Amino acid sequence: MNRDANLENGAKDRQAEAFNKRYSAADDYLEFLDTDDVARVRLRDQLITKALDRLFEHVPSSPKDWSVLIVCGGVGKEASQLRRAGFFDVTNTDFSPAAVEISMQREPTLKHRRLDAENIDLPDESIDLVLVQAGLHHLPRPVTGFNEMVRVARKAVIVIEPHSGLITRALGQEFEEEEGEINYVFRWDHELLEQATKSQILERSVHVETLRALFHAKVYTTLERVLGGDQARILRGMKVFDATAGRVLGPMGNSFIGLVVKDPHEPFVGTASADKN
Ligand SMILES: C[S@@+](CC[C@H](N)C(=O)[O-])C[C@H]1O[C@@H](n2cnc3c(N)ncnc32)[C@H](O)[C@@H]1O
């Protein structure tokens, strides 16, 4: 296992190599990405769905016409979801060649690029929406990666990453390991998102918002154990959970959903969820 500091260039190559290995033996994950099982679909898609619902509550144009860039998109999980949601012009990117290759085979109608999220080789404001899920915390410089997203985005950025709060830090991991390589689990909160955005775009009009959510993997596996794999019943159980315990726990959830909207046409109504616990 390599625990050297992330200072030299070789660290990124080793990360890419680790993900190449993981994706070359990722049959279960690929099956999950393309499943039609209703409860697993809800589990897989819930965070992006929440982010898109909130974003498109407020945009006057048809969001489906927007171009989308996914960074750290792996084998295409987020890109496929956006395509299913009706987005036409979707580019999936990652710096692992194996991830990009598998994504091309899974979904040839997507666009693909191999790129480093800390150094995106695209012009300023050239893509309408730039999205990341579970990617920035693998970078040696996560805020640089975020600033690259803000630079390239014409209209909006969505960041779905681990949340930084008292509870999530106490219960979550500090480091993660992938095929012998480790990364620090960099966590986000509203203040960090706002400061990183405003230092970059200064006084330009922007809406910065944070949502919190509970990623339901444990709820799903518990219900699966109790209900024996019946997807319709598990889905009902997930909905009951959301309407009861989820209402209390959601605002303290482990997932950070950050939304940055440049030049919003109208003020966003409603508020971000609590961010300090
Ligand atoms: C935990 S995986 C998440 C993949 C995908 N977002 C998903 O949820 O299925 C993190 C991804 O980030 C990619 N990654 C790590 N460092 C990167 C970098 N500097 N530039 C681009 N991608 C990177 C890895 O190759 C990997 O595919």
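Laboratory data are not the source of any read-out in this text; all were calculated from the coordinates shown. None of these values were measured; they are calculated from a predicted model. Neighbour counts are summed over all protein chains in view; Cβ atoms, including those assigned to glycine, are modelled from backbone coordinates with ideal geometry.
Please turn the phi angles of region 223-232 into ³J(HN,Hα) values with the Karplus equation 6.51 cos²θ - 1.76 cosθ + 1.60 (θ = phi - 60°), one per residue in order, whole Hz, x for glycine and proline.
Result, rounded to whole Hz: 5, 4, 5, 6, 9, x, x, 6, 4, 5.
How far apart, in nm, are the 7 Å Cα→Cβ label points at D34 and H265?
3.8 nm
Order these by the 10 Å Cβ neighbour count, fewest first: F146, F32, F186, F19.
In order of increasing Cβ crowding within 10 Å: F32, F186, F19, F146.
Among the listed pairs K12/K111; K21/K262; K198/K239; K21/K50; K50/K198, give every one whose C-alpha distance is greater than 29 Å.
K21/K262; K198/K239; K21/K50
Say each of E194 and A5 gets a label point 7 Å from the Cα, pointing the same way as Cα to Cβ; how far apart are those two points in nm?
My value for the distance between the label points is 3.3 nm.
What number, in percent, do you get for the relative contact order of the chain if the mean sequence gap of Cα pairs under 8 Å and at least 6 apart is divided by its residue count?
20 percent
Using alpha carbons only, how many angstrom separate the centre of region 230-261 from the centre of region 1-68?
Answer, in whole Å: 19.
Name the shape class, rounded, prolate or oblate, that the alpha-carbon gyration tensor gives for the chain, where a ≥ b ≥ c are the square roots of its eigenvalues, rounded holds for a/c under 1.5, and otherwise prolate holds if a/b is larger than b/c and oblate otherwise.
Values: a/c = 1.25, a/b = 1.05, b/c = 1.18.
Rounded.
What FRET efficiency would be calculated for the residue pair T49, R247, taking the C-beta separation as r and a Förster radius of 25 Å, to the nearest 0.05? Show your work: numbers first, answer last.
Details: r = 17 Å, r/R0 = 0.69.
The pair T49/R247 has a calculated efficiency of 0.90.
So what is the calculated 222 nm ellipticity per residue for the chain, using -39500 (n - 2.57) for each DSSP H run with n of 4 or more, over all residues, to the nearest 500 deg cm²/dmol?
Counting only the DSSP helices, I get -12500 deg cm²/dmol.
What relative contact order, as a whole-number percentage, does region 18-154 give when Cα pairs under 8 Å and 6 or more residues apart are counted? Display every interim value, and only then the final one.
On the way: 196 pairs, mean separation 30.8, N = 137.
Relative contact order, region 18-154: 23 percent.
Obtain the nm distance between the two label points defined at D124 and K239 by a simple spin-label model: each point lies 7 Å from its Cα along the Cα-to-C-beta direction.
Between D124 and K239, the label points sit 4.8 nm apart.
Answer with one residue from N119, P140, G250: the one whose Cα lies farthest towards the positive end of the charge dipole of the chain, charges on Cβ with Lys, Arg +1 and Asp, Glu -1.
G250
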